[in-house]
Amino acid sequence: MKKNKVTPIGDFSWYVKWIASIVLIMGLLLRSAMIQPLDLYITLLGSIGWTYVGLLWHDRAIIVINVVASTILIGGILTLWIGKM
């Protein structure tokens, strides 16, 4: 029994999904190379992109995981900023 794809292909959300995925991978590569705080900013952009995709698709699981990830990343960025004051 063959199942049809559910996610859109070729529309705006498709492009945002793949750009956000590439940005997230770049952020993880930066993190593994310990290039900070750039890794936090790049990963945050990817997470925000995926949150937007989740909103477009009305997919609560995607929204929840990326809102939580964004909140954690923002917390890390604020910790860096406050620590430098």
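Bear in mind that the values in this text are calculations on the coordinates, not laboratory data. Fair warning: this is a prediction, and the values are worked out from it, not measured in the lab. Methodologically, a virtual Cβ is constructed for each residue, glycine included, from the backbone with ideal geometry; neighbour enumeration extends over all protein chains shown.
Specify which of the listed residues (LEU56, LEU80, LEU40) is closer than 18 Å to VAL6 by Cα, part of a helix (DSSP H, G or I) and in contact (Cβ under 8 Å) with a residue 40 or more places away in the chain.
LEU56
Could you look through the range 60-80, keep only residues that are touching a Leu at 6+ places or on another chain (Cβ under 8 Å) and under 11 Å from PRO37 (Cβ atoms), and pick out the one that is surrounded by the most Cβ atoms within 10 Å (Cβ to Cβ)? I'd like the intermediate steps shown before the answer.
From the range 60-80, those touching a Leu at 6+ places or on another chain (Cβ under 8 Å) are 63, 70, 73-74, 76-77, 80; that's our starting set.
After this cut, where a residue has to be under 11 Å from PRO37 (Cβ atoms) as well, the list is 73, 76-77, 80.
Working: LEU73: 21, GLY76: 16, ILE77: 14, LEU80: 12.
Result: LEU73.
What are the residues in the range 4-47 that are among the β-branched types (Val, Ile, Thr) and under 20 Å from TRP81 (Cα atoms), if any? Walk me through it before giving the result.
First pass over the range 4-47, keeping only residues among the β-branched types (Val, Ile, Thr): 6-7, 9, 16, 19, 22-23, 25, 35, 42-43.
Matches in the range 4-47: ILE35, ILE42, THR43.
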